[in-house]
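Engineer: What follows is a structure written as structure tokens; I'll ask about it next.
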Amino acid sequence: MLISYRKNLDRITFLSMMSFFVLPVLATIYQALAYGFSLQCLAIVISTQIMFIMDTVELNMRFYSQQAAYEKARYKAEHDGMTGLLNKEAGYKRMRKYFGLMDSYDEAMLMFVDIDDFKTINDTYGHTVGDFWIREVASQLRHIYWQDDIICRYGGDEFIVLIRNTASEQVLETTLGMFFQQLTRASEQRGQDVHCSVGVCRIAAIRISGNRDISRNTDGGNGEDTRGGVDFGQCVKQADLALYEIKRFNKGTFNVYNSGRS
């Protein structure tokens, strides 16, 4: 246990604790070889070592207990109790960190996922069914997207997904196609009409002459190419606006906005 904690202990503490265990053992062995056994001395050494081992084991158990309690508390603070996804605060924190490290060569997609007519689902089938579909959508999103991607429950029947390191339209169409198909299959099995709309903010880069990548800024349709960081708040607004428009005109599908760089 001392060796396993070596990295967490300073040198003096580690050596002193090791010496407390090792030196009496070495002295006992030397005495036995040079002078013969002394039962009294041997009993003292053995009892001291037993006390040392028991104290070390107790400290080890207490350390792991405290660590487990801390990890449990941190998990509860960062995750949504119903779905097991990150909650909004924790999800936003991780997404902001990722956006803050992006440069003009990086790509990503930020998605708002919303269960259509969720109030009608609750009113028609009851809140228990509504809770089921929240968990079902969360489970499908977790199944489709990679562990490196960030998925959080925004609140109510809304989710936010950050797909990192890609802005490929093919990836978007493929993954969302799988999501819609699985949701349709689940709703048909339960005999309930449930579907989702998705608003996407796409942060892409384009290839120009000289094999150089620069960010594509189509914010507001000006078509200018710029370099710089990514405004997370603006991307959230664009994804939300894309979701709003698709819910107005064509529910159950997705809509894409291309984001600019600040």
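The values are calculated or read from the model by the stated rules, or taken from the named source; none is laboratory data. What you are looking at is a predicted structure, and each value in this text was computed from that prediction instead of being measured. In this analysis, Cβ positions are derived from the backbone assuming ideal geometry, glycine residues included, and neighbour counts consider all displayed protein chains. Note: accessible area is taken over every heavy atom of the protein model, side chains too, but ligands, DNA and RNA are not part of it. Shrake-Rupley method; radii C 1.70, N 1.55, O 1.52, S 1.80 Å.
Engineer: Inspect segment 126-137 for any residue being open to solvent by 50 Å² or more (accessible area, probe 1.4 Å) and under 15 Å from the mean Cα position of the chain (by Cα) and give the result as yes or no. Write out each step before concluding.
Structural biologist: We begin by selecting, within segment 126-137, every residue open to solvent by 50 Å² or more (accessible area, probe 1.4 Å); these are 127-128, 131-132, 135.
Applying the additional criterion that residues be under 15 Å from the mean Cα position of the chain (by Cα) yields none.
Among the residues of segment 126-137, not one is open to solvent by 50 Å² or more (accessible area, probe 1.4 Å) and under 15 Å from the mean Cα position of the chain (by Cα), which makes the answer no.
Engineer: State whether the residues of segment 132-150 include one that is assigned to a strand (DSSP E or B), under 15 Å from Asn87 (Cα atoms) and at pLDDT 95 or above. Explain how you work it out, then say what you get.
Structural biologist: Taking segment 132-150 as the starting set, the residues that turn out to be assigned to a strand (DSSP E or B) are 150.
Okay, now just the ones that are also under 15 Å from Asn87 (Cα atoms), so 150.
Okay, now just the ones that are also at pLDDT 95 or above, so 150.
The answer is yes, given that some residue of segment 132-150 is assigned to a strand (DSSP E or B), under 15 Å from Asn87 (Cα atoms) and at pLDDT 95 or above.
Engineer: Tell me which residues, restricted to segment 60-83, are open to solvent by less than 70 Å² (accessible area, probe 1.4 Å) and not in a helix (DSSP H, G or I).
Structural biologist: Result: His79, Asp80, Met82, Thr83.
Engineer: Can you name every residue in segment 212-259 that is touching a strand residue (DSSP E or B) at 6+ places or on another chain (Cβ under 8 Å), assigned to a loop (DSSP other than H, G, I, E, B) and modelled with pLDDT under 90?
Structural biologist: Passing the criteria: Asn217, Thr218, Arg227, Gly228, Val230, Ser259.
Engineer: Go through (1) free of Cβ contacts under 8 Å to residues at least 40 places away in the same chain; (2) surrounded by fewer than 16 Cβ atoms within 10 Å (Cβ to Cβ) one by one and return the number of the condition Val57 breaks.
Structural biologist: Every listed condition holds for Val57 apart from (1).
Engineer: Which is in a helix (DSSP H, G or I) and closer than 16 Å to Met1 by Cβ, of Ile46, Ile53? Walk me through how you get there before you give the answer.
Structural biologist: Working: Ile46 fails: closer than 16 Å to Met1 by Cβ.
Only one candidate passes the filter, namely Ile53.
Engineer: Go through segment 154-196 residue by residue and tally those that are open to solvent by 30 Å² or more (accessible area, probe 1.4 Å), in a helix (DSSP H, G or I) and under 26 Å from Ile121 (Cβ atoms).
Structural biologist: 9
Engineer: When the residues of segment 30-43 are narrowed to those that are polar (S, T, N, Q) and not in a loop (DSSP other than H, G, I, E, B), which ends up modelled with the lowest pLDDT?
Structural biologist: Gln40
Engineer: If you don't mind, another one. Quick one: Tyr35 ticks every box in (1) open to solvent by 60 Å² or more (accessible area, probe 1.4 Å); (2) touching a residue at least 12 places away in the same chain (Cβ under 8 Å); (3) aromatic (Phe, Trp, Tyr) bar one, so which box is it?
Structural biologist: (2)
Engineer: Please list, ordered by first then second residue, the pairs with beta carbon atoms under 6 Å, 6 or more apart or interchain, first in segment 159-170 and more than 24 Å from Glu89 (Cα to Cα), second open to solvent by 10 Å² or more (accessible area, probe 1.4 Å) and part of a strand (DSSP E or B).
Structural biologist: Pairs found: Ala167/Arg202.
Engineer: Name every residue in segment 93-125 that is under 13 Å from Gly156 (Cα atoms) and open to solvent by 50 Å² or more (accessible area, probe 1.4 Å), in order of residue number.
Structural biologist: Result: Asp117, Lys119.
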